[in-house]
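The structure appears below as C-alpha cells.
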C-alpha cells in the first residue's frame, strides 16, 4: 500500500481543512495517509512516504506580494530531501495566488523536483478538477 504524508501550515484553519480533505481523498483511493501540521514535522517522518503534499496559506496583500508565511519558510529549512518522492504543493488564498507556488519552490530548491502539481482552494474544499489532478498525480 502506498503511503502519503500531507504537511500543512494554517493560520485560520482553512489550509488545515484543505489538507484534511486532500488526505481523506487520498485515503479513499487506497493510500495510507497521515496529515500533520508543520509543527509536528521531524526529520525522518517522510522516509516511509511515497507521496508528500506540502501546503501553506497565502500570505501577503490580497492581490500582490503573495508568499508563504515565516513559519512555513522556517519549516522548509529543516525539511529533508524529497526528490525521491512524488511531491505536490497546495495553498489556500483570498483573491489570487500570484507567485505563491514560485515562492514555495524557491524555498524548496534542491529538496523537490521541478514540476510538482499545484493545488489551490479559496475555501479549503476540493473541487472535482482537483480530484482529477490528484488522480493523475498518484497514478
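All of the numbers you see were taken from the coordinates with simple rules; none came from a lab. Please read all numbers here as calculations on a predicted model, not as lab measurements. Glycine gets a Cβ as well: all are built from the backbone with ideal geometry, and neighbour counts include every protein chain shown.
With runs of 4+ DSSP H residues as the only contributors, calculate the mean residue ellipticity of the chain at 222 nm using -39,500 (n - 2.57) per run, divided by the residue total and rounded to the nearest 500. Show your work: numbers first, answer last.
Values: 4 runs with 43 residues, N = 139.
The helix-only estimate for the chain comes to -9500 deg cm²/dmol at 222 nm.
Of all DSSP beta bridges in the chain, what percent run antiparallel (nearest 5)?
Numbers: 1 of 24 bridges.
Bridges in the chain are about 5 percent antiparallel.
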Sequence ranges 21-33, 104-116, ranked by mean other-Cβ count within 10 angstrom, highest first: 21-33, 104-116
Using the Cα atoms of the chain to build a convex hull, what is its mean projected area in square nanometres? 7.4
Given an 8 Å cut-off on Cα distances and at least 6 residues of separation, report the relative contact order of the range 3-138 as a percent. 27
Could you let me know the centre-to-centre spacing of the range 69-139 and the range 1-67, using Cα atoms, in angstrom? 9
Taking Cα pairs under 8 Å and at least six residues apart, what relative contact order does the range 1-66 come out at, in percent? 47
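So how do 42-54, 85-97 stack up, highest first, on mean other-Cβ count within 10 Å? Working shown, then result.
Details: 42-54: 16.7, 85-97: 20.0.
Packing order, densest peptide first, comes out as 85-97, 42-54.
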